[in-house]
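These notes concern the structure reproduced below.
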Amino acid sequence: MKKEQNPVATDNNLQIDESLLFEQVVNIIENRKRQAGSFANQAITLMYWEIGKYVGSVLLGGERAKYGKQIVATLSQQLSGKYGKSFEYTKITRMIKFAELFPDVEILATLSQELSWSHFIEILPLKTLEARLYYAKDAAVRHLGIRDLRVQISRKAYERCEIANSTLTEASTVPFNMFKDPYLLDVLGLKDNFLEADLEKAILSELEAFILEFGQGFTFVERQKRMTMDGDDFTLDLLFFNRKLKRLVAVELKIGRFKPQYMGQMRFYLKWLDKYERQEGENPPIGLILCPTASRDQIELMELSKEGIAVAQYWTELPPKAEFERKIKEILSEAQERLERRKTFPIGEVPKQIEYFYEPKNNDIEEDN
């Protein structure tokens, strides 16, 4: 059996590459520190959950609920005296709320391997279990820091994902939770009267920011992808690959309102990619057409998602916060109305984000009272 060479030693095995030795030892230390940090985060988070669960169960119902605040106040004084400020009154009440809003400890145990207690503090104010799990999983999968998590929440990533989902049906080949609508491309710094080429160049120059907005698991493959058939050349604006879903994602950029003929163009791109670019083990490619404006009712009528095509709007300027929140709320309300009108696919049967990330034990959805 051939003896494995030590990469630190030189060819004659008499000298040591000291710089490489240092680098390898640093890697060992950093890897173990990350593992220790992950373990510590998980232990702290689960400790807070257990405290909240236990104290909450003691205070539930009956006469005890009437003087629960005093019980918690007394407990916080005792714990603060022994363990410090981490157990002040407001922090213990937060732990109780935490246990109420994340009832499944198995899901929490998985998330807490990647997320710190500070991540969960940012997520707690969200109104539904689905929203909380969406942002928690997104932050865990993409290793988002607190700042990036706040940005995702403030830019309504969950709501925009729900809007995109509203155009999909059981027959859709576009996966749920794959895209958002609208996309917020204000980070690209585009001015008025830009061209499609300008939009493409801006995306490529700010690719990291675009992928952060785009979603999970995307890697850039190629720009202006050339497709040749019968002597004719065709070019796709941008080509990505989604590692999680194992499929190519074609992106076509438009600067005008969505037109039905765009469907035929994207259909051709997807069939070409499926025949000539799809690798063994990959799923069929899907496409996204990005337009500044589009009729969502028209898109639903055309049933584009059955052919693996999604359409989404993009905004190159972000409105003031109050106006932005109003617009997203209005669009989401319209999307929910469309689902309610869809007799063959009632709103209650629409797959939710929680089902994409985890296998749910039940269909309960909790509200933040």
Problem set entry | the chain: most fluctuating residue of LEU101, LEU60, LEU199 per GNM, C-alpha cutoff 10 Å | LEU60
Problem set entry | Net length gained if the chain between ILE44 and LEU245 were fully extended (0.36 nm per residue, minus Cα distance) | 69.1 nm
Exercise. Quick one: net charge of TYR269's neighbours, Cβ under 12 Å, K/R +1, D/E -1?
Worked result: 0
Problem set entry | VAL221 long-range amide H proximity, modeled H, under 5 Å | LEU239, PHE240, PHE241
Exercise. Across segment 178-188, in residue order, what do the Karplus-derived ³J(HN,Hα) couplings come to in whole Hz, using 6.51 cos²θ - 1.76 cosθ + 1.60 with θ = phi - 60° and x for Gly and Pro?
Worked result: 7, 10, 10, 7, x, 8, 9, 9, 5, 5, 7
Seminar exercise, completed: Diffing segment 131-142: the Karplus 3J(HN,Hα) column from phi (6.51, -1.76, 1.60, θ = phi - 60°), in whole Hz with x for Gly and Pro, holds 5, 4, 5, 4, 5, 5, 5, 4, 5, 5, 5, 9
Seminar exercise, completed: Once amide hydrogens are built 1.01 Å from N within the peptide plane, the residues lying 5 or more places from GLY287 or on another chain with amide H under 5 Å from its amide H are ALA250, ILE309, ALA310
Exercise. For the chain, what is the accessible area per residue in Å² when the probe is 1.4 Å?
Worked result: 57 Å²
For this session: Determine the shape class of the chain: with a ≥ b ≥ c the square roots of the Cα gyration tensor eigenvalues, call it rounded for a/c under 1.5, and otherwise prolate if a/b is greater than b/c, oblate otherwise.
Result: oblate
Exercise. Volume per residue, Å³, of the convex hull around the alpha-carbon atoms of segment 78-181?
Worked result: 124 Å³
For this session: Quick one: order VAL141, VAL55 from most to least accessible surface, probe 1.4 Å.
Result: VAL141, VAL55
Seminar exercise, completed: Per GNM of the chain with C-alpha springs under 10 angstrom, the most fluctuating residue out of GLY37, GLY145, GLY81 is GLY81
Exercise. Of LYS97/LYS244; LYS127/LYS327; LYS53/LYS246; LYS156/LYS246, which pairs sit farther than 30 Å apart, going by alpha carbon to alpha carbon?
Worked result: LYS97/LYS244; LYS53/LYS246
For this session: With runs of 4+ DSSP H residues as the only contributors, calculate the mean residue ellipticity of the chain at 222 nm using -39,500 (n - 2.57) per run, divided by the residue total and rounded to the nearest 500.
Result: -16000 deg cm²/dmol
Exercise. Counting only protein heavy atoms and using a 1.4 Å probe, what share of the accessible area of the chain belongs to carbon plus sulfur, as a whole percent?
Worked result: 51 percent
Problem set entry | Antiparallel DSSP beta bridges within the chain, percent to nearest 5 | 60 percent
Seminar exercise, completed: In whole Hz, the Karplus estimates of ³J(HN,Hα) for segment 84-101 (6.51, -1.76, 1.60; θ = phi - 60°; x where Gly or Pro) are x, 5, 5, 10, 5, 4, 5, 6, 5, 5, 5, 4, 5, 5, 4, 5, 5, 8
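The values are calculated or read from the model by the stated rules, or taken from the named source; none is laboratory data. From a predicted model like this one, the values you see are computed outputs, not experimental measurements. Note that we place each Cβ from the backbone using ideal geometry, even for glycine, and neighbour counts take in every protein chain shown. Calculation scope for accessible area: heavy atoms of the full protein, side chains included, ligands and nucleic acids excluded. Shrake-Rupley method; radii C 1.70, N 1.55, O 1.52, S 1.80 Å.
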